Amino acid sequence: MSVPTIDLRKAEEPSSRGQSQEDIRHALIDVGFLYLSNHGIDEAIIQDLVNILPDLFALPENVKESVALVQSPHFLGYSKFGAEITARVQDQREQFELANDLPDKRSLNPALPLYTRLQGPNQWLQTDAVPRFREIVESYITALQDLALRFLRVATEALDLPPDSLVGFTGPQDRLKLVHYRPSPDATFDAQSQGVGPHKDSSGWMTFLLQASDPTIKGLQVLSKDGAWLDVPPVPGTLVVNMGQAFEVVTNGVCKATTHRVLLPPGDYDRYSVPFFQGVKPDLTKQDLKTLWEHFDNKRWNTRESEEGQRIDSPFLRAKYDTWGEAQLRTKIRSHRDVGKRHYAQVFEKYISDD
Ligand SMILES: O=C(O)CCC(=O)C(=O)O
Ligand SMILES: [Fe+2]
């Protein structure tokens with residue numbers, strides 16, 4: 001099985017929409033990943049972002065650490081090389097997490113649910129070493145917000161729903177990561193190093209990934225429904241789209257969140273990538289989704305998933321939490337325990353020990 005390519009322009013055009021919808025449905029239900037071509041994002045917006053990544057990550061460690069993630073109750077900031085662990089193995093990457101800037105409403109109004117505190121402003125680097133950094137990131141986020149909504153409409157329609165059925169559940173904060181990978185020096189072809197371990201994206205509806213390195217630099221892989229790992233190499237002019245856990249929830253398990261990983265072949269090279277996670281309304285409850293679940297139950301579409309994929313934690317589905325926001329806060333605290341301890345001491349133990 002290969003990863004399909006969806007031409008967004010064709011998918012939006014009345015004359016070609018029917019065939020595109022079939023292809024999108026196949027991509028979402030049977031594969032989990034697709035390449036999106038003809039997405040219409042201004043080439044300069046993408047190129048500006050791609051061009052600054054090597055300079056950004058080459059900044060001295062103390063400059064990057066000046067915006068460390070641990071300082072932010074909103075989980076926005078820099079995580080140094082090797083700070084993350086996925087599936088019990090250390091990831092060989094460093095990253096900046098950013099979002100569309102929002103005020104920290106929870107600090108002004110403590111009556112709001114605690115998970116509201118996930119939303120807030122970015123930490124911006126106080127250096128001119130990467131010219132126009134903020135402007136470039138903000139332009140890219142704005143372009144991706146627009147694209148994500150366009151694609152969500154097309155995908156919703158491909159699943160036989162009115163195109164705007166899910167739009168009201170999006171926002172208000174979409175997240176962007178700037179990621180830098182380097183294989184560990186002792187990697188071999190038999191033991192490649194883990195860029196990021198097998199996971200399902202927890203932060204949003206759909207993820208739009210820009211593989212921001214030369215097409216010869218591979219690494220991204222998707223877990224097929226039969227349990228085989230397939231390469232998803234960079235294809236110039238496309239973004240890779242996959243589904244996050246909210247999409248699995250809203251479709252009642254018909255469109256499984258995509259299990260994926262990055263494995264780094266040995267060598268002396270850098271890999272850069274930029275995933276954008278389309279935000280989910282934090283007060284979304286399972287109750288809000290009941291009518292949609294009936295729609296999907298009646299469809300009898302394929303809901304197969306490999307065993308390895310089924311083993312990945314999906315707390316919102318497992319009925320534990322009423323709101324998406326609370327499930328999201330738990331996930332964030334569990335993956336960044338230093339942030340959890342510093343900013344969420346009142347719930348830290350509860351979320352860490354509730355498997
Ligand atoms: O770097 C990539 O290609 C994928 C990154 C990813 O899956 C993630 O950060 O969630
Ligand atoms: Fe991911």
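Annotations
- Estimated vicinal HN-Hα couplings, Hz - segment 192-197 in sequence order (Karplus 6.51, -1.76, 1.60; Gly, Pro = x): 6, 8, 7, x, 9, x
- Computed from label points 7 Å out along Cα-Cβ, the spacing between Trp124 and Glu138 is 0.6 nm.
- Positive contributions from Lys and Arg (+1) and negative ones from Asp and Glu (-1), summed over other residues with Cβ under 9 Å from the Cβ of Pro121, come out at -2.
- Packing-based ranking of 254-264, 217-227 yields 254-264, 217-227, ordered from highest to lowest mean Cβ neighbour count within 10 Å.
- Environment charge at Asp30 (Cβ cut-off 9 Å; Lys +1, Arg +1, Asp -1, Glu -1): +3
- Residues whose placed amide H lies under 5 Å from that of Asp7, excluding near-sequence neighbours: Ser37
- Ordering 94-100, 170-176 by mean Cβ neighbour count within 10 Å, with the highest value first, yields 94-100, 170-176.
- Net charge of Cβ neighbours under 13 Å - reference Gly82; Lys, Arg +1; Asp, Glu -1: -1
- The charge dipole of the chain, taken about the Cα centre with unit charges on the Cβ atoms of Lys, Arg (+1) and Asp, Glu (-1), comes to about 900 debye, rounded to the nearest 20.
- Near Asp91, the amide H atoms lying under 5 Å from its own belong to Glu84, Ile85, Thr86; only residues 5 or more places off or on other chains count, and H is placed 1.01 Å from N.
- Difference of contour (0.36 nm per residue) and Cα-Cα distance, Val50 to Thr216: 58.2 nm
- Cα-Cα pairs of segment 1-84 separated by more than 19 Å (percent): 62
- Contact order, relative form, for the chain: 20 percent (alpha carbon pairs under 8 Å, 6 or more residues apart, mean separation divided by residue count).
- Placing unit charges on the Cβ atoms of the charged side chains and taking the dipole of segment 5-352 about its Cα centre, the candidate lying farthest along the positive direction among Leu49, Ile217, Val241 is Val241.
- Expressed to the nearest 5 percent, the antiparallel share of DSSP beta bridges inside segment 5-352 is 90 percent.
- Backbone HN-Hα couplings from phi across segment 241-250 [Karplus 6.51/-1.76/1.60, Hz, Gly and Pro as x]: 10, 9, 9, x, 5, 5, 5, 5, 5, 5
- Ellipsoid semi-axes for the chain, based on the Cα gyration tensor and the rule √(5λ), read 28, 25, 21 Å when sorted largest first.
- Helices in the chain that qualify as membrane-span-like (whole DSSP H runs, Cα extent of at least 18 Å along the helix axis, mean Kyte-Doolittle hydropathy of 0.0 or higher) are 43-57, 133-158.
- Using a Förster distance of 35 Å, the FRET efficiency for Lys10-Glu307 (Cβ separation, nearest 0.05): 0.45
None of the figures in this text is laboratory data; all of them are computed from the coordinates on show. Note that the structure is predicted; figures quoted are calculated from it, not measured. Don't worry about glycine lacking a Cβ; one is built from the backbone with ideal geometry, like all the others, and counts go over all protein chains shown.
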